[in-house]
1. Please indicate, with yes or no, whether at least one residue in region 347-356 is exposed (fewer than 13 other Cβ atoms within 10 Å of the Cβ), under 28 Å from residue 267 (Cα atoms) and β-branched (Val, Ile, Thr).
2. From the list 207, 226, exactly one residue is surrounded by fewer than 21 Cβ atoms within 10 Å (Cβ to Cβ) and over 22 Å from residue 310 (Cβ atoms). Which is it?
3. Inspect region 258-278 for any residue being within 23 Å of residue 161 (Cβ to Cβ), surrounded by 24 or more Cβ atoms within 10 Å (Cβ to Cβ) and touching a residue at least 24 places away in the same chain (Cβ under 8 Å) and give the result as yes or no.
4. Report, by residue number, each residue of region 133-189 that is modelled with pLDDT under 85, of a type in the set (Ser, Thr, Tyr) and out of contact with any Leu (no Cβ under 8 Å at 6 or more places or on another chain).
5. Report every pair of residues separated by at least 6 positions or lying on different chains whose Cβ atoms are under 6 Å apart, first residue within region 226-239 and closer than 14 Å to residue 204 by Cα, second of a type in the set (Phe, Trp, Tyr).
6. Residue 285: part of a loop (DSSP other than H, G, I, E, B) and over 15 Å from residue 235 (Cα atoms), yes or no?
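The values are calculated or read from the model by the stated rules, or taken from the named source; none is laboratory data. This one's a predicted model, so the numbers in the text were calculated from it and none came from an experiment. Ideal geometry is used to build each Cβ from the backbone, glycine not excepted, and the neighbour counts take in all protein chains shown.
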Amino acid sequence: MTIKHRSVLKTYFENGDIPNQDNFSDLIDSAASLSGNNTSVGNWNIVGNINVVGTISATIISAVHIDIKEYEISGFSVNGGDITMNGGDITMNSGDIILSTGSLTNDITTIAAASGGWDSTETTVAATSSLWVGGTTQGTDGNVYNIRSNDEGSVSGNSRGENSVDLQTVRGDAVEVASGNCSVIAGGACNKVSGNYSTISGGLSSLATCDYSVIGGGRYNSARHLGSTVGGGQYNIAYESNSTASGGHNNQSCGAASTIGGGTNNIASGTQSTVAGGDVNNAVGQGSTIGGGAGNITCQSHSTIAGGGENITSGFYSTIGGGMCNTASKNILGFTTIGGGQCNIASGDYSAILGGCDNNTNVFTGAMIIGLGITASAANTTHVNNLLITDISTVSSGLPMGTVWNNAGNLEIIS
């Protein structure tokens, strides 16, 4: 028997007709059965729902709307329109989702390959007429867990490190990627991270080349040693291990564990040295500190210049509070102090100059100077230009030895 169109079948059963066995066989073979296999020629136009338990196998299923719940699709081809899912999964163990036109919309569900992530060796998401716009891809360049942007921009990057995250989409060279294992480039342009566990948050043309290094942002910054950090700014370099350049312009942290807070053209070259800010300052001594100012140099360990300009500490543990062109040096050790002023020299160990100008402790240990243009002539002596003493006691009783008192207009020392 054969499958007949319904217009033919109707002619078998018109008034006065006597249908025979063949007519009834054609009628039965031409109708769909709920059990067994069916073969149909032509189109089925159905109004309502089809509920199927089992498998539907077809070369093409065409419908205005297909609602799929809890089913696996071994392959899916869309030549136009959208695939929209309000819940559930599309599970693909192999094959491709191919979009010639239209879009794949996924607002509230997860699109996942059988292995748990998109992998170019297992599953491909592609559109023949437009790029897959936005989003990220996990598992590229032979790695499993690295993540990068789907759209890499006009210049594609080289291989990423395992467990790395590279969201940068602008680069001038293919090497500008997060190539270190567990490294991160969160954004920006033309940045390069080659150190393992290193990070560049954003900015332009910065380099994190050693393990555990960090650059927060800015441009043309470099973190070049283990655990080094550049917070931001531009043209700053953290050269040594655990060194930091927080910001500013053209600063260099050259000593291990050294720190530059900001400013311009500063150098922290001593181990554990610090330059808080200012311009063209250089903390050379280990553990030395420059608070600010311009052109200051701490040459010896643990010495300090709080500010001012062109001051120099060359004695151990020496201090200059401020002023200009002052030098706190040493005879043997140091521990010298200059409070401020101009062109003062504290050269005797433990000597001090309060301020003024053109004073010199002249290598005398413990010499103190208060005034202008004084050169010390004795150790452990206070040198002054003039001395005005007021409110001196006129009674000697109870005063300790060495005290100056006023005896009827005459100054005397209790001995």
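1. Within region 347-356, not a single residue is exposed (fewer than 13 other Cβ atoms within 10 Å of the Cβ), under 28 Å from residue 267 (Cα atoms) and β-branched (Val, Ile, Thr).
2. Residue meeting the stated conditions: 226.
3. No: region 258-278 contains no residue that is within 23 Å of residue 161 (Cβ to Cβ), surrounded by 24 or more Cβ atoms within 10 Å (Cβ to Cβ) and touching a residue at least 24 places away in the same chain (Cβ under 8 Å).
4. Answer for region 133-189, where residues must be modelled with pLDDT under 85, of a type in the set (Ser, Thr, Tyr) and out of contact with any Leu (no Cβ under 8 Å at 6 or more places or on another chain): 137, 140, 145.
5. Qualifying pairs under 6 Å: 234/220; 235/220.
6. Spelling it out, residue 285 is indeed part of a loop (DSSP other than H, G, I, E, B) and over 15 Å from residue 235 (Cα atoms).
This table checks each residue for (1) out of contact with any Asp or Glu (no Cβ under 6 Å at 6 or more places or on another chain); (2) closer than 16 Å to residue 296 by Cα; (3) among the β-branched types (Val, Ile, Thr).
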| position | (1), (2), (3) |
| --- | --- |
| 314 | yes, yes, no |
| 328 | yes, yes, no |
| 348 | yes, no, no |
| 364 | yes, no, no |
| 381 | yes, no, yes |
| 388 | yes, no, no |
| 397 | yes, no, no |
| 403 | yes, no, yes |
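Listed here are the residues, each with its yes/no results for (1) within 22 Å of residue 247 (Cα to Cα); (2) in a loop (DSSP other than H, G, I, E, B).
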{"site": "148", "(1), (2)": "no, no"}
{"site": "163", "(1), (2)": "no, yes"}
{"site": "172", "(1), (2)": "no, yes"}
{"site": "175", "(1), (2)": "no, yes"}
{"site": "182", "(1), (2)": "no, yes"}
{"site": "196", "(1), (2)": "no, yes"}
{"site": "212", "(1), (2)": "yes, yes"}
{"site": "217", "(1), (2)": "yes, yes"}
